[in-house]
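FYI, it's all coordinate maths here, none of it is from the lab. This one's a predicted model, so the numbers in the text were calculated from it and none came from an experiment. Counting neighbours? That spans all protein chains shown, and the Cβs are built from the backbone with ideal geometry, glycine included.
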Amino acid sequence: MSEKNKKNAWLSYDADQVKQVMEFAEGYCRFISDNKTERECVTSVIAKAESLGYRDMKTLDSVKAGDKVYYNMMGKALALFLVGSKPLADGMKILGAHIDSPRLDLKQNPLYEDTDIALLDTHYYGGVKKYQWVAQPMAIHGVVAKTDGTLVHVVIGEDPADPVVGISDLLIHLAADQLQKKASVVIEGEDLNVTVATIPLEGEEKNAVKANVLAILKERYGVEEEDFASAELEIVPAGKARSYGLDRSMIIGYGQDDRVCAYTSAEALFDIEKTDRTAVCLLVDKEEIGSVGATGMHSRFFENCVAELMMMMGDYSELKVRKALQNSHMLSSDVSAAFDPNYAGVFEKKNAAYFGKGLVFNKYTGSRGKSGSNDANPEYYAKIRKALDTHNVAYQTAELGKVDQGGGGTIAYIMANYGMNVIDSGVAVQNMHAPWEVTSKADVYEAYLGYMAFLAEM
Ligand code: MN
Ligand code: MN
């Protein structure tokens, strides 16, 4: 057990360390405030990687030990490699996390008008309590792909000078019937329509407000109504992440699931200069909807990428690729449920994650009899415990709630299919999947330290 584990992590810090924790949190807050979609995360991580000497694998002919390279998968998933002195077939040490977060996606035919109000129809992405997403300022982030080959980037609602949009809720005065409904249907999926305009375009007889919206889009972005068909536009909470609590010990922000693990994993990789076994940070998309699609963890892109890297190092064989994957060690990082005194009944106190207790490990996840879980090997977890103790990292072990209370999945079981050692780890979050999620600054910092310890020792 590390010294820090004997008490709340905050009590283990001296004044300098508290300053480091707070400064690290500031960098993290900037990251999640500026990057609210998977694409924005990939672009931003690549920019930092390039400033540190990482190069795009697609532009290189060969790669050697000591090189820093990355593979950008369709702008929505990313693998960063610090190539080690040992052969790839000896295995890698992989820090994995996902960069997609719950949100409301625009439908492909979203824009319509009703009673002089223009609205955008959405289909929610990931598991959301729909009633949480109404009556608050929202921003529009994403891209519109045009038939001429250009990609228009859209961010509306983040600059203080920007307008925001939002979804209306029924006034309490008329909500007697609504309030009798079950929480799951108080706001239904088809009711998540975003109000975007109310001024009619002069001279238009029919749908003049919608016509005005189209005129604005044409003027500002050069997009037409039919371009929505090939767009990925995401409605997310508007505004920045900030300190939470009178003691500033926590962070409230959108999309901390799972950008808190993505940011800390990438920062840990960026802070090491050399390694024996190749160190990897793998940031993937689509976890919230089952890790599907070309940019989700079920895609073969990472395996292909390892094969390509081997080829570029002049040491490729099909068997070696399989060995590289099977011999790897991975921390599959995703957020855990932080114990919440307001809802104590769903937690089992001995096996819950707490704010201020550090990086969380879930030996297994799953639900109803550990179904769907990657259940990590105890021998592997023991090695990780040793690494964390050696580097004095605060960490804790938890399950997601009481037995049969629910459960959840991550990308761990998918990587385990290669036969590699992988364990779920991450940061405890309150309000998970709500528009504004909460983490502890100490836990965010300990996650970063934990990932550094993993890269140093495994
Ligand atoms: Mn997650
Ligand atoms: Mn999630």
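How many percent of DSSP beta bridges within the chain run antiparallel, rounded to 5? Working shown, then result.
Working: 53 of 76 bridges.
In the chain, DSSP labels about 70 percent of beta bridges as antiparallel.
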Seminar exercise, completed: FRET efficiency (R55, K86; Cβ distance; R0 25 Å; to 0.05) is 0.75
Exercise. At a Förster distance of 30 Å, what's the computed FRET efficiency of Y124 paired with L11, Cβ-Cβ distance as r, to 0.05?
Worked result: 0.15
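Expected output is a single nm value to one decimal: the length gained when fully extending between H391 and K182, i.e. 0.36 nm times separation in residues minus the C-alpha distance. What is it?
Values: separation 209, 0.36 × 209 = 75.24 nm, distance 4.85 nm.
Separation in residues times 0.36 nm, less the Cα-Cα distance, equals 70.4 nm.
Return a whole-number percent for the relative contact order of the chain, with Cα pairs under 8 Å and 6 or more residues apart as the contact set.
23 percent.
Calculate the dipole size of the range 13-86 relative to its Cα centre from +1 charges on Lys and Arg beta carbons and -1 charges on Asp and Glu beta carbons; express the result in debye to the nearest 20.
340 debye
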For this session: For a quick protection proxy, order the peptides 273-283, 1-11 by their average other-Cβ count within 10 Å, most packed first.
Result: 273-283, 1-11
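Which order do the peptides 62-73, 429-440 take when ranked by the mean count of other beta-carbon atoms within 10 Å per residue, highest first?
Values: 62-73: 17.0, 429-440: 21.9.
Going by the mean number of other Cβ atoms within 10 Å, highest first, we get 429-440, 62-73.
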Seminar exercise, completed: With label points set 7 Å from each Cα along the Cα-to-Cβ direction at V155 and Q108, the distance between them in nm comes to 2.9 nm
Seminar exercise, completed: Subtracting the Cα-Cα distance of T195 and L174 from 0.36 nm times their residue separation yields 5.6 nm
Seminar exercise, completed: Along the range 40-49, Karplus-curve 3J(HN,Hα) (6.51, -1.76, 1.60; θ = phi - 60°) to the nearest Hz, with x for Gly and Pro, reads 5, 5, 4, 4, 5, 5, 5, 4, 5, 4
Exercise. Taking the simple approach of a point 7 Å from Cα along Cα-to-Cβ for both Y381 and A47, what is their distance in nm?
Worked result: 4.0 nm
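Given the DSSP H assignment, sum -39500 (n - 2.57) over each helix run of at least 4 residues in the chain and divide by its residue total; what's the result at 222 nm in deg cm²/dmol, nearest 500? Walk me through the numbers before you get to the answer.
Values: 11 runs with 127 residues, N = 458.
Value at 222 nm, helices only, nearest 500: -8500 deg cm²/dmol.
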Problem set entry | Contact order normalised by residue count of the range 103-237, Cα under 8 Å, 6+ apart, percent | 38 percent
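Which order do peptides 352-359, 339-346, 109-116 fall in by mean Cβ count within 10 Å, highest first?
On the way: 352-359: 24.9, 339-346: 11.2, 109-116: 14.5.
Taking the mean over residues of other Cβ atoms within 10 Å, the ranking is 352-359, 109-116, 339-346.
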Seminar exercise, completed: About its Cα centre, the chain carries a charge dipole, from +1 on Lys and Arg Cβ atoms and -1 on Asp and Glu Cβ atoms, whose size in debye to the nearest 20 is 1960 debye
Exercise. How big is the gap, in Å, between the Cα center of the range 118-144 and the Cα center of the range 196-249?
Worked result: 11 Å
Exercise. Rounded to the nearest 0.05, what FRET efficiency do I117 and D340 have when you use their Cβ-Cβ distance and R0 = 41 Å?
Worked result: 0.65
